[in-house]
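Reviewing the structure listed below.
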Amino acid sequence: MTTIAIIGVLALLLIIGIVLIVVSQMREKARVERMRRIKALEDGHSLLRRFVDELPNSFLDKALRRLILQRALELAGQLRELNAPGNPKALEEADQAALSALESGQVEGPGEFPMNDQQRVKEVRSLLQMLFRFVERQKKAGRVSAEAARQHLVNILFLVHRVYSELMVFQAQDHEQAKRYRKAIHCYHLAASELEKSKDHPDAAELVTRYRERIKELNRLAEGQDPNAERTEAVMPSSVNREWEEFIHEEEAWKKKADYDS
């Protein structure tokens with residue numbers, strides 16, 4: 001074999017090796033991208049199911065629940081098409097069954113539960129925040145009209161404020177039973193102030209009026225109480241305020257995003 005032939009064979013082998021390496025890298029990249037896509041779809045579907053499985057039924061009206069389940073069904077279908085591990089077909093069937101039940105007037109999900117635990121309220125508010133962002137994305141994708149999205153966002157923001165106000169009311173009632181009227185008044189003030197942030201929602205004004213009336217009643221009780229029975233100025237524990245500080249800071253941005261043109 002001549003020198004030129006040897007060089008030619010070596011060059012051919014080198015080219016083949018490079019091609020194999022490139023093909024291998026492309027296949028690995030495609031595999032990684034497929035797994036990334038599957039993970040994103042699984043996470044998205046899991047979050048959507050959390051909305052309907054963990055939030056109280058009254059938090060989701062029929063239109064919003066339908067929007068969530070339809071999107072969950074789409075993601076389950078994409079998982080099936082990608083031959084994702086597990087049983088994406090079962091997810092698809094469960095989503096379809098939930099949609100069918102919704103259209104027939106049956107609502108699947110948890111009933112009402114008291115917002116009297118700080119950790120639970122934090123979890124619910126976190127879910128509501130993610131639901132808010134979900135609705136935004138659906139509006140941008142054209143899956144829901146601007147007006148419908150605006151109404152959904154207004155309702156979600158109201159729920160964000162309402163669950164915190166309910167926690168404050170629970171604490172206020174606890175103080176009332178112990179005749180710590182000034183502390184109860186402070187909690188009611190916090191509850192009313194929280195709901196005033198959702199002044200565009202019709203239910204907020206009614207609750208604020210109710211809390212203001214209760215504050216007047218408690219003021220009369222406090223005026224007739226021994227001034228040494230409790231501290232005259234009640235301050236909520238700093239830990240409670242810190243728990244919600246980050247969420248409150250995000251609130252103005254949420255309101256701006258919710259201000260869609262009709």
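The values are calculated or read from the model by the stated rules, or taken from the named source; none is laboratory data. Values in this document were obtained by computation on a predicted structure and should not be read as measured data. Heads up, the Cβs are rebuilt from the backbone with ideal geometry, glycines too, and the neighbour counts pull from every protein chain shown. Surface areas here come from the heavy atoms of the whole protein model, side chains and all, with no ligands, DNA or RNA. Shrake-Rupley method; radii C 1.70, N 1.55, O 1.52, S 1.80 Å.
Right, S58: assigned by the TED database to the domain that holds V169 and either part of a helix (DSSP H, G or I) or touching a strand residue (DSSP E or B) at 6+ places or on another chain (Cβ under 8 Å) (or both) or not?
Judged against the criteria, S58 is not a match.
Looking only at the range 83-111, filter to residues that are of a type in the set (D, E, K, R) and assigned to a helix (DSSP H, G or I); which one of those is nearest to R50 (Cα to Cα)?
Per the stated criteria, the residue is D95.
Every residue in the range 129-143 that is buried (at least 20 other Cβ atoms within 10 Å of the Cβ) and either under 15 Å from N57 (Cα atoms) or of a type in the set (D, E) (or both), please.
The answer is L131, and nothing else.
Sort out which residues of the range 167-182 are assigned to a helix (DSSP H, G or I) and either open to solvent by 60 Å² or more (accessible area, probe 1.4 Å) or not assigned by the TED database to the domain that holds R220 (or both), and write them in order of number.
F170, Q173, D174, Q177, R182
When you check R210 against the structure, is it open to solvent by 70 Å² or more (accessible area, probe 1.4 Å) and either under 17 Å from Q171 (Cα atoms) or modelled with pLDDT under 85 (or both), yes or no?
Taking the combined requirement at face value, the residue satisfies it.
Among the listed residues L91, L69, identify the single one that is open to solvent by less than 40 Å² (accessible area, probe 1.4 Å) and closer than 23 Å to R137 by Cα.
From the options L91, L69, the qualifying one is L69.
For a quick check of your reading of the model, give me the residue pairs whose first member lies in the range 9-38 and is in contact (Cβ under 8 Å) with a residue 40 or more places away in the chain, whose second is surrounded by 10 or more Cβ atoms within 10 Å (Cβ to Cβ), with beta-carbon atoms closer than 8 Å and at least 6 apart or on different chains.
Listed by first residue and then by second, the contacts come to R34/L82; R37/L82; I38/L79; I38/L82; I38/A84; I38/P85.
Any residue that is more than 23 Å from P202 (Cα to Cα) and surrounded by fewer than 20 Cβ atoms within 10 Å (Cβ to Cβ) - is there at least one of those in the range 144-160?
Within the range 144-160 (the criterion being more than 23 Å from P202 (Cα to Cα) and surrounded by fewer than 20 Cβ atoms within 10 Å (Cβ to Cβ)), the answer is no, since none of the residues qualifies.
If you check every pair at least six apart or on different chains, which have Cβ atoms under 8 Å apart with a residue in the range 60-73 that is over 11 Å from H152 (Cα atoms) first and a residue that is acidic (D, E) and open to solvent by less than 10 Å² (accessible area, probe 1.4 Å) second?
L69/D95; A72/D95; L73/D95
Please go through the range 189-213 and give me each residue that is within 15 Å of M115 (Cβ to Cβ) and without any contact (Cβ under 8 Å) to a residue 40 or more places away in the chain, ordered by number.
Correct list: A191, E194, L195.
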